[in-house]
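Step one of this worksheet: look at the structure below.
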Amino acid sequence: MDKEEFLRRYDEGERDFSGVELRDVDLSNAWLSETIPAIGRDHKLILNKAKLINVNFNNAQLRQVDLSEADLSGSNLSNTNLIEANLRDAILTNTDLKCTKLIGADLTGSNINEAINVSSPHLLVLDENKNNNTELVTELRALTRGLYNWHFGIDYPYDVFMWDTESRGDFTLEKFLEAAGFLVEVDPIDFLDNIFPVKEFSFIFQKIKPYIVEREYYYLKISIECIRDNEKIIPILIGKTKTNDWVGVCPVFDMEKRSIDKSGRIEDNTAKKIEHSSLVSILRGLEAV
């Protein structure tokens, strides 16, 4: 089927395209997620078992679309709205998922690990062949369906994921951020090679390094390119102290003003510990630089 026939049939009200084959077509910016009344219920687009090879879906609207068992190999799904979509057992080999909205999507059984540009908690897909809790996750998705929170002017559903302790160990925020691709370990050589995005942090690193143990240095990579088309990365330097506390240095970012100041500090009772007096003094000094 070619692009023109597919869009014509869609515009005429057809919604079941199970097994359809589309190759090398441009469906960027296509609006394919509207629902229409049909026998008292919503009639959603069905692309179950479809072959969608090298299709450009960039910035398309595919919310709640059924893509179960679909082959999306090589397709561009960057900036695509796939909120609450069914992607069970989908083939995502070399599929571009940069800034793809996958909140509430069912990715169980998909090979998302073979997709590209994935940097989100959606990497934590439950392997139902190795975990007995698939039914629980499915039930939680059903229970939270229809519950939304207001975020950046859009109703976002609640997301459900399962942390497999057998393969990932005990759940901690640190491990979650690492697994989701946000918390990235930094080698000091990165500063010398100008790999790290904020050169000033090279100086900060040298100042706090004597107080950091174990994994010496992290940065928390929060990209806002998926929000308001800004390609800036907000780096947050994080280290663990000898007393198992955590210290971080980051720019102050105001989402409304879209501006970044030099650095920011959130201070709690840990900062009052006598063991941290020298480190706290250094951090306060850095704020004045």
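The values are calculated or read from the model by the stated rules, or taken from the named source; none is laboratory data. Just so we're clear, the structure is a prediction, and the values are computed from it rather than from any experiment. Virtual Cβ from ideal backbone geometry, glycine too; neighbours counted across all protein chains shown. For the accessible areas, the whole protein counts, side chains as well, though only heavy atoms, and no ligand, DNA or RNA atoms are used. Shrake-Rupley method; radii C 1.70, N 1.55, O 1.52, S 1.80 Å.
Read through the list (1) surrounded by 17 or more Cβ atoms within 10 Å (Cβ to Cβ); (2) more than 23 Å from residue 160 (Cβ to Cβ), then give the number of the only condition that residue 94 fails.
All conditions are met except number (1).
What do you reckon, is residue 176 touching a strand residue (DSSP E or B) at 6+ places or on another chain (Cβ under 8 Å), modelled with pLDDT of 60 or more and not in a strand (DSSP E or B)?
When the stated conditions are applied, residue 176 does not pass them.
Run down 32, 67, 45 and say which single residue is at pLDDT below 95 and closer than 22 Å to residue 109 by Cβ.
45
Examine the range 264-280 for a residue that is open to solvent by 70 Å² or more (accessible area, probe 1.4 Å), modelled with pLDDT of 65 or more and within 31 Å of the chain's Cα centre (by Cα), and state whether such a residue exists.
The answer is yes, given that some residue of the range 264-280 is open to solvent by 70 Å² or more (accessible area, probe 1.4 Å), modelled with pLDDT of 65 or more and within 31 Å of the chain's Cα centre (by Cα).
Could you please find all residues in the range 155-174 being farther than 15 Å from residue 101 by Cα, under 16 Å from the mean Cα position of the chain (by Cα) and open to solvent by 100 Å² or more (accessible area, probe 1.4 Å)?
Selection gives 173 alone.
It is to be established whether one or more residues within the range 37-58 are in a loop (DSSP other than H, G, I, E, B), free of Cβ contacts under 8 Å to residues at least 24 places away in the same chain and open to solvent by less than 70 Å² (accessible area, probe 1.4 Å).
Checking the range 37-58: not a single residue is in a loop (DSSP other than H, G, I, E, B), free of Cβ contacts under 8 Å to residues at least 24 places away in the same chain and open to solvent by less than 70 Å² (accessible area, probe 1.4 Å).
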